[in-house]
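Here's the structure, in structure tokens; my notes come after.
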Amino acid sequence: MLTPNLTVNTEGHLCIGGADTVKLAKTHGTPLYVMDENMIRENCRGYESVIAEEYDGNGLICYASKALSCKELYRIVDSEGLGADVISGGELYTALKAGMSAEKIVMHGNSKSNSELQMAVSRGVGRIVCDNLPELERLDRIAGEAGTVANVMLRIKPGIDAHTHDFVKTGCIDSKFGFALETGEAMAAVKAASLYPNLRLVGLHCHIGSQILDTEPFAEAARVMVAFMDKIRTEIGIVLPELNLGGGPGIRYTEEDDPKPFGEIIRAILAALKESCEKVDFPKPFILFEPGRSIVGGAGLTLYTVMAKKLIPNIRTYVLIDGGMCDNPRYALYHSRYEALIANKASEARSETVTLGGKCCESGDLVGEHMPLQPAAEGDIVAVLATGAYNYSMAMNYNRNPRPEMVMVKDGEARTVIKRETYEDLIRNDL
Ligand code: LLP
């Protein structure tokens, strides 16, 4: 099995976290997102223990909630002691409504609106990561108007090619995010930020990309950032106390994937960080990480019902399901690969090779091609694995498809954490 929380019971049904997925599909309907709470919690603890062991606990893990944002997720990570990374007013609103402390929230965005900045300032968000000079100017004014001083980090492009999909690669000079090191833009931004009266520059941020499978690009980013912090000390005389190295550790989507476990990645980063600091006698900064995918990705799966099977001789076999790009647009966007199996035939061999076709009026609405699968028949339940990250959060209502329900499984019991959208929900804002 792809992840250790998946098992097959005596009926030959796929189980996640001890819950029978065929029963879940029957009780809750399909498409259905299923998340495993224990696995999410284990991942949170895994991150925290590395910081405790390797860095004297001098850091904060901020769950990158763009991977999956809903109130229950914030409650879970909060109860594990994590903070959260939010990328919009909507995520910030959800986190606060779930009871997260604003102080543990990091606010991102390359194009934040004034109202988003006002919300962050008035609610006391712990760190606002600024992306560009006009934003610094606006934030200084907004904080001044609110009679407060905002804690700011600057998003830096460290110039690292992280060998991932072009759309999720963010650390290179040709990226819309942040200030470039090579051009002097980053140093100019540090100088500017340090002069605003209503901003407190607490540190730097970088994020080199997502679904990164190896340790070295991360370690290199840490080295580059410490070198830059040292240069800031020399040129401007400021010793920045904090460093946020973003997210990015990859997960197993298919049986061929072999990503380094996130614990190993964080250890390698911290080793590189400590070594770089010692070399130039720079005080070890408070460290932040923003993992998203590696906390929730492997903890989720999606269940669908097979509506039809279409055999095109010598070409391909389509297995048509009652969901698709609306609940998982990642194949349509990135040709991302997934493992699937028939949940009610989980102990049988995956002897066919199929294309999983969605229900949208769009030829590209596929969940995957060339996928091994048990022989499918109408009414079977298909489970697509490792859909916990960037599925629900990227879901959409194309063709006015309501977004699916999400259940959280804990010790074999499931509870609804996001209700299925209704047709009434779809027309709520129509006049
Ligand atoms: N921090 C920042 C500033 C980020 O931009 C991201 C992801 C993260 C943290 C979390 O990265 P993670 O640990 O999840 O890799 N929709 C794409 C992924 C986009 C990621 C964007 N930023 C996908 O489905 O693969």
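The values are calculated or read from the model by the stated rules, or taken from the named source; none is laboratory data. Note that the coordinates shown come from a computational prediction; the quantities given were computed from them, not determined experimentally. Here the Cβ positions follow ideal geometry from the backbone for every residue, glycine too, while neighbour counts run over all protein chains shown. These accessible areas exclude ligands, DNA and RNA; they are computed on the full protein's heavy atoms, side chains included. Shrake-Rupley method; radii C 1.70, N 1.55, O 1.52, S 1.80 Å.
With the simple spin-label model, which puts each label point 7 Å out from Cα in the Cβ direction, the ASN429 to ARG141 separation comes to 2.7 nm.
Average projected area of the Cα convex hull of the stretch 3-124, in nm²? Walk me through the numbers on the way to the answer.
Numbers: hull surface 39.4 nm².
The directionally averaged projection comes out at 9.9 nm².
Per-residue ellipticity at 222 nm, computed for the chain from helices alone with -39500 (n - 2.57) per DSSP H run of at least four residues, works out to -9500 deg cm²/dmol. Averaging Cα coordinates gives a centre for the stretch 249-296 and one for the stretch 361-431; these two points are 31 Å apart. Phi angles of the stretch 143-148 translate, via the Karplus equation with coefficients 6.51, -1.76, 1.60 and θ = phi - 60°, into HN-Hα couplings of 5, x, 4, 7, x, 9 Hz per residue; Gly and Pro are given as x. Protein heavy-atom surface of the stretch 37-296, 1.4 angstrom probe: 49% of the accessible area is carbon and sulfur, with nucleic acids and ligands not counted. Whole-Hz Karplus values for the stretch 240-248 come out as 6, x, 10, 9, 10, 9, x, x, x Hz, taken residue by residue from phi with 6.51 cos²θ - 1.76 cosθ + 1.60 and θ = phi - 60°; glycine and proline positions read x. With all protein chains in place and ligands, DNA and RNA left out, the 1.4 Å accessible area ranks ASP214, ASP85 as ASP214, ASP85, largest first. How many percent of DSSP beta bridges within the chain run antiparallel, rounded to 5? Restricted to the chain, the bridges split so that about 50 percent are antiparallel. Amide H contacts for ASN244 (H built 1.01 Å from N in the peptide plane; partners 5 or more residues away or on another chain; cut-off under 5 Å): LEU204, HIS205, CYS206, LEU288.
In terms of packing, defined here as the mean over residues of other Cβ atoms within 10 angstrom, the peptides 70-80, 143-153 line up highest first as 70-80, 143-153. Across every direction, the projection of the convex hull enclosing the Cα atoms of the stretch 202-293 has a mean area of 5.6 nm².
For SER101 and ALA227, the difference between the fully extended length at 0.36 nm per residue and the C-alpha to C-alpha distance is 42.1 nm.
Shown in residue order for the stretch 193-202 are the 3J(HN,Hα) couplings computed by the Karplus curve 6.51 cos²θ - 1.76 cosθ + 1.60 at θ = phi - 60°: 4, 6, 9, 5, x, 9, 10, 10, 6, 9 Hz (x for Gly and Pro). Of the GluC sites (Glu not before Pro) in the stretch 286-384, the ones in a loop by DSSP (not H, G, I, E or B) with at most 16 other beta carbons within 10 Å are GLU348, GLU362, GLU378. Near ASN151, the amide H atoms lying under 5 Å from its own belong to ILE128, ARG200; only residues 5 or more places off or on other chains count, and H is placed 1.01 Å from N.
Amide H contacts under 5 Å for ILE105: ALA84, GLY126, ARG127, restricted to partners 5 or more places along the chain or on a different chain, H placed in the peptide plane at 1.01 Å from N. Our compactness index for the stretch 218-270, the C-alpha radius of gyration over the empirical 2.2 N^0.38 Å, is 1.53. Averaged over its residues, the chain has an accessible area of 41 Å² per residue, based on protein heavy atoms and a 1.4 Å probe. Global dimensions of the stretch 37-296 from alpha-carbon coordinates: Rg and Dmax equal 17.2, 54 Å.
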